[in-house]
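Below: the structure, in structure tokens.
The values are calculated or read from the model by the stated rules, or taken from the named source; none is laboratory data. These numbers were taken from a predicted model, which means no experiment stands behind them. For neighbour counting, all protein chains shown are included, and Cβ atoms are generated from backbone atoms with ideal geometry for every residue, glycine included. Note: areas computed on protein heavy atoms with side chains; ligands, DNA, RNA excluded. Shrake-Rupley method; radii C 1.70, N 1.55, O 1.52, S 1.80 Å.
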Amino acid sequence: MGGIASILVVDDNPKFLEDALPMYGYDVTVAEDGVEALKILADNSAFDLVLLDVMMPNMDGWDTLKAIRKNKKTEHLPVIMITAVSEDQKVVSGLKIGADDYIVKPFILPNLLARIEAVLRRCEWQKQAKPQQEVTINKDVNIDALTPKEKEVLALVAKGASNQDIAEKLFVRDVTVKTHLNSIFKKLKVTNRTQAVLLAMQMNLFN
């Protein structure tokens, strides 16, 4: 990607991210609740990414995300949810509302940085490949085509696990996890982790 990515951090306790992200080359603007965030976005929608905390006063992250997606100016703005809530259903609800990814507190900074880079890179690819085209999920897919190990990997992805987390959990190498993910994407006819999780939820894989 060219230039410095501009990130809107929406968090009622933003100091850590406000101090850390500029050290990695990001331009950071802070809003301490959803109401302030929406005001900032109304004045300037030229952000590359929003890091959106869930638990905040005045307007929580879920309602803020809904408002972002309803606004024509910001409906395609990438959003990563930051949440202390790890229950699958709430996380999946966020993905269905339109979150591009999520990370569960407490997180380590390299994990968050990797997710930021991945979302920004994916959005840049989509802009270059299909500037005005929506990414659609093929629903005519047989979830049983996945092997038990692939289903296990996908379930861990749905819980926010990184490739390294999954490798450690399953006692395999990172490259093995990548191989499983590539196979999952191919079988489900999707291009990324978020789409795979959404499709799996639609097909009740995690019930």
Residues of region 26-44 with backbone N under 16 Å of the label point set 7 Å from the Cα of residue 105 along Cα→Cβ are 31-34
Added length on full extension, which subtracts the Cα-Cα distance from 0.36 nm per residue, residue 46 to residue 97: 16.2 nm
With θ set to phi - 60° and the Karplus curve 6.51 cos²θ - 1.76 cosθ + 1.60, what are the ³J(HN,Hα) couplings of region 60-71 in order, to the nearest whole Hz, using x for Gly and Pro? 7, x, 5, 5, 5, 4, 4, 5, 4, 6, 7, 8
Please report, to two decimal places, log10 I(q)/I(0) for region 154-196 at q = 0.17, 0.19, 0.26 Å⁻¹ as given by the Debye formula with identical point scatterers on the Cα atoms and no solvent. -0.41, -0.51, -0.90
Under a Cβ-Cβ cut-off of 14 Å, what is the net charge of the residues other than residue 34 that fall near it, where Lys and Arg count +1 and Asp and Glu count -1? -4
As an exercise, use a Förster radius of 22 Å and the Cβ-Cβ distance of residue 152 and residue 204 to find the FRET efficiency, rounded to the nearest 0.05. 0.85
Give me the extension gain from residue 114 to residue 73: residue separation times 0.36 nm, minus the current Cα-Cα distance, reported in nm with one decimal. 12.1 nm
Give me D for region 29-87 in µm² s⁻¹, whole number, from Stokes-Einstein with Rh from the Kirkwood sum over alpha-carbon pairs, 10 °C and 1.306 mPa s. 138
Pair residue 145, residue 23: separation of 7 Å Cα→Cβ label points (nm): 4.5
Rank 76, 180 by accessible area, highest first, at a 1.4 Å probe radius? 76, 180
